[in-house]
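Since every read-out is calculated from the coordinates, none of them should be taken as a lab result. Note that the coordinates shown come from a computational prediction; the quantities given were computed from them, not determined experimentally.
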Amino acid sequence: MAIKLLTLSPHGSFFFGSEVSFGQGQNQNYYVRSMLFPQQTTVLGMLRFELLKSDPEVFDPVTKKVRKKSKADAAIGESSFHEGREGGYGLLNCLSPVFLTNPKGVPYLLSAASRLEDSARSSLEVDKQNGFVARNLLSGTENKQAILLKNDKGLPHDGKLEFAAELLGADGTTLPLLYDGNEAPEGVFILQNQIGNQKQYDGETDESGFYKQDRYKLQTGWKFAVLADFNAELPMAFETSRHVQLGAERGMFLLETQTPKGKHFANISSDGNAFSGFETLYGQEYPKSKTLGGLALLSDCWLDSQLKPEPEFAMSKTVSFRHLNNTHLRDPNELWTANSAPKSLRYNMFQRGSVFFSANPSKHQDQIQSLESFRRIGYNYCITFEKNQK
């Protein structure tokens, strides 16, 4: 087995789609915003296609047809992702969650911005009248963003509070998520607005087709990254850097493959199904309570049932997810040309960066990580933090 670090440098702005797209008819939307990170299935599909293209004996790049099904199966596996799928994807055993690297190669993850001003000298205390309240013990004042009340229905949270997030480095540094030249010049994602008009097929202007699209760019030197575990040597053509298409509008990215180096990756290994030690890239400790520990999501996570026992409260947000419904190599020459492949049912996943406070975080971790088909491609990763024993 060989672990590789794959980085993706966008050429300009990018758009990663979600459930909200322009659509048509009753499903038509006039304002859409890109997600910040590509879905794990998007990265998986891109890698399988690039692996297929890397061997001219397997795939004809001109006609986009598979030449030898048996070799194609060995290279990328017979089928794409679907719930309950077992085993790897040909040469690819598993993927880590997508993360970011700064110009110096330091990994960054998304995290709920829930720290107090001095987390080492702060704690979570119980206020019987108002619920659980995080208080800064240095000043005795409430941190308004960290007030989290228990809801009587569903997963507890306070919907009136915004799910605020930031980027957390493996070295413990934090950065604003979005660039703002006045208030947050250190922000990494740069929002770009695009306004236009959708033309009809006959070339006439559709006055109802005006739209606004929010896209993103990364600050210079920043890249998307993912760890991949392969079970054999990669085709020589794949080892070199190459330009790939990614996202809803086939944005161009530079894909580079290298062996992960440096102290941040030193403790990460793979058992062929998932990466152990990935949680060491999470460079933050949360304020602790005498009665509660907690769990932070390192990736988007799907649960097939409610968390049990129910967390006391959470800083969380959901994100919708669909995937192509089990494309396969049974008829290989249709695999890469079928643009209307049926999509799966809609999943509502908890967004990466969400945090759940609970007296039993390890039980929640076991429940989340038990869904192996999701975990194999980089979903359902989390880290626990225990209650204060002092």
Taking amide H positions as placed 1.01 Å from N in the peptide plane, with prolines and chain starts having none, which residues 5 or more places from Leu292, or on another chain, fall under 5 Å of its amide H? Asn388
Of the listed pairs Lys53/Lys223; Lys212/Lys317; Lys4/Lys261; Lys217/Lys317, those with alpha carbons more than 20 Å apart are Lys53/Lys223; Lys212/Lys317; Lys217/Lys317
³J(HN,Hα) across the range 271-279 via Karplus (A = 6.51, B = -1.76, C = 1.60, θ = phi - 60°), whole Hz, x for Gly/Pro? 9, x, 10, 7, 9, 8, x, 4, 5
Please list, in order along the range 70-80, the HN-Hα scalar couplings obtained from phi with the Karplus expression 6.51 cos²θ - 1.76 cosθ + 1.60 (θ = phi - 60°), rounded to whole Hz, x for Gly and Pro. 4, 6, 5, 4, 5, 7, 10, x, 6, 9, 7
